[in-house]
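The values are calculated or read from the model by the stated rules, or taken from the named source; none is laboratory data. If you're wondering where the values come from, they're calculated on a predicted model, not measured in any experiment. Backbone-built Cβ (ideal geometry, glycine too); neighbour counts: all protein chains shown.
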Amino acid sequence: MSIEDPIPRFAQFKLVLLGESAVGKSSIVHRFVKDSFDDLRESTIGAAFLTQTIKLANDTTVKFEIWDTAGQERYKSLAPMYYRNANCAVVVYDITQLASLERAKNWIKELQRQANADITIALTGNKLDLEAEREVSTGEAQQYAIDNGLLFCEVSAKTGDGIRDVFYRIAEQLPVEEQIRSTMSRSKPRINLNKPSTNTDQGCAC
Amino acid sequence: MDENYDVIVLGTGLTECVLSGLLSVEGKKVLHIDRQDFYGGESASLNLTQVYNKFAPTRKPDQSLGKDRDWCVDLIPKFLMASGELTNILVHTDVTRYVEFKQVTGSYVYRDGKIAKVPANEMEALKSPLMGIFEKRRMKKFLEFVAAYKEDEASTHAGFDFDKNTATEVFYKYGLESGTKDFIGHAMALWSKDDYLQEPFRQTYDRLTLYFDSMKKFGGGKSPYLYPLYGLGELPQGFARLSAIYGGTYMLDTPIDEILYEGEGEDKKFAGVVTKEGTARAPIVIADPTYFPDRVSKTGERVIRAMCILDHPIANTAESDSLQIIIPQNQVGRKNDIYIAVVSSAHNVCAKGHYLAIISTVCETDRPHIELDPAFKVIGQTKDVLMGISELYQPLDSGSKNGIYISKSYDPSSHFETTTDDIKDIYTRVTGKPLVLQKRATAEEEEALAAN
């Protein structure tokens, strides 16, 4: 250890998942976070709050705080809270369901309406393992992504194909340096409800 | 979606969302519906367009107020007591991971035409401009008595039995002036009327203890109140998310086409609802009063609320970014206190450089807007004012016979303690057991668990 050891460089970002029910939003996250896949995965229960860190070059750690829709997308009942302060979004469609791409486009419009203007969006086609049943051509989805300034990936949560890529490519687009600077300078006026003050004296007014 | 549920919840107000969250965590299958396309019902926070549409449909917000999204205007102005029951529920359910809080900077009280900070403790009482020099000492003695009181040590009781002696009797012993009683009773014990003076001191003691515990909870001695970033509407959203995480199904923008019953007359029971999505069945429904207008009655109280947009802090408050001002009824010749809740862009509820002051009180005349005059004098010049009057409702019966459990309207009190009483009461009626909060793992604990 030397004195010049750099301070750990750490940045945290909120990532939201969007897409029609059953396109595999949770499976993608499970593959990314736990490197596992469950064929019979029911809709998301109890899986509250997933985080995953990835290491970038120059000793930088990026932590994703991942928000799953928890089923609130089914009847279009996502709360403004869901989009609030989201830095990035993975919008998922199923390459074997043409209609799911149309729904993904609607979610992207919703994001442009509700989220920060500088949000990074990755349009992600899932179920690449079902190539034989493909209904959405790569070209069509890719062109839409280019036209709208989105990242574009095709993945398989089942085999793990392309999953890591989605998150690394998002991380490359995120304002990591800015985030690190602002965390270092940010005062913390907010309080942690789980940690009451240990200062038991009555406090004087001085 | 023709399906069966354990409980159907109608309306996404705070009461309904907390219950939905608690029941989902316990494994109940919950369907939660709101006829409106936003969360929060009567306890929502609205953006500029929504709030003008609701209260001043013929006017448009001024351009200088900035973007729609920058505004979250609370329909019901309240603060959380730092040691209160809602804070407790938030911590136990770990809904705190979705909502960030800030301490409210100041707690002020109106006396003799001016406002001054409510003393946080006996030391501050000695410096307070609210009282003359001798009164300060009497006040200090009273506060020391309250702080030292221990239930099982008779020597600390100063000869009082809190279940028998009234607040008036206790105040009398310490020789407190009526103006001092006003701010103890109204700005610390947070009574909104004077009925408490003739009641046993016990409840006033409990309320003072809650006030002082809340004051100490997060240090700083600023105020006993907390407020969520982005407004109170975050609270129902946070509990709705908790419910959804545990399997609750959410349908907004879904009016109820028909309520289904089974049985006749005395035995008529709730059975389900029909919506555009189909029929959903459940033996139990929890709803806000607007879903069952023929099963509620008016409490007789009407509350007037004035949402005032300011571009300056309130004078004589050290430019506080947030505060509560209580105008005790006696000070302005009324029967009910007037409350002013002030929040600002520091809480991401309005555009930069702006402040929101929400004035509220129980109407006592048929010209209630005139009743708010003393409060308008305190807050100074306004950019715009939007006013609304709400009628308060309560359920006609307990719901245990017909499976229809209806919440009460949000009352004019300045905090959520009565709301949490209603939540706990409905919970007990629905489940047949008192609410015992189970500690849910925090985000950090979940992460540590997942790493193993």
For the range B:307-317, check the following and say yes or no: at least one residue is over 21 Å from the mean Cα position of the chain (by Cα) and among the hydroxyl-bearing types (Ser, Thr, Tyr). yes
Heads up, the strands (runs of 3 or more DSSP E) in the range B:81-130 (entirely inside) with at least 1 residues that are more than 7 Å from every other protein chain (Cβ to nearest Cβ), more than 17 Å from B:Leu229 (Cβ to Cβ) and touching a helix residue (DSSP H, G or I) at 6+ places or on another chain (Cβ under 9 Å) are B:106-111, B:114-117
So, first residue surrounded by 15 or more Cβ atoms within 10 Å (Cβ to Cβ) in the range B:55-75, second residue in a strand (DSSP E or B) and hydroxyl-bearing (Ser, Thr, Tyr), Cβ within less than 9 Å, six or more apart or across chains; the pairs are B:Trp71/B:Ser45; B:Cys72/B:Ser45; B:Val73/B:Ser45; B:Asp74/B:Ser45; B:Leu75/B:Ser45; B:Leu75/B:Ser390
Counting only residues that are under 21 Å from A:Glu178 (Cβ atoms) and part of a loop (DSSP other than H, G, I, E, B), the range A:59-75 contains a total of 1
Of (1) farther than 24 Å from B:Ser413 by Cβ; (2) surrounded by fewer than 20 Cβ atoms within 10 Å (Cβ to Cβ), B:Asp194 fails just (1)
Report task. Say whether the condition of being at pLDDT 90 or above, buried (at least 19 other Cβ atoms within 10 Å of the Cβ) and within 14 Å of another protein chain (Cβ to nearest Cβ) is met by at least one residue in the range A:87-94. Result -> no
In the range B:117-135, residues that are in contact with a Ser or Thr (Cβ under 8 Å, 6 or more places away or on another chain), without any contact (Cβ under 8 Å) to a residue 40 or more places away in the chain and surrounded by fewer than 19 Cβ atoms within 10 Å (Cβ to Cβ) total 0
Restricting the range A:37-65 to residues that are modelled with pLDDT of 90 or more and buried (at least 22 other Cβ atoms within 10 Å of the Cβ), the one farthest from the other protein chains (Cβ to nearest Cβ) turns out to be A:Val62
Scanning the range B:141-159 for residues that are in a helix (DSSP H, G or I) and touching a residue at least 12 places away in the same chain (Cβ under 8 Å), the one nearest to B:Pro119 (Cα to Cα) turns out to be B:Leu143
Condition set in contact with a Lys or Arg (Cβ under 8 Å, 6 or more places away or on another chain) and at the interface with chain B (Cβ under 7 Å from one of its Cβ atoms), scope the range A:75-86, selection farthest from B:Ile33 (Cα to Cα): answer is A:Met81
Note to self: Criterion first (crowded, with 22+ Cβ neighbours inside 10 Å, charged (D, E, K, R) and under 17 Å from the mean Cα position of the chain (by Cα)) does B:Lys78 satisfy it?
What the structure shows: yes
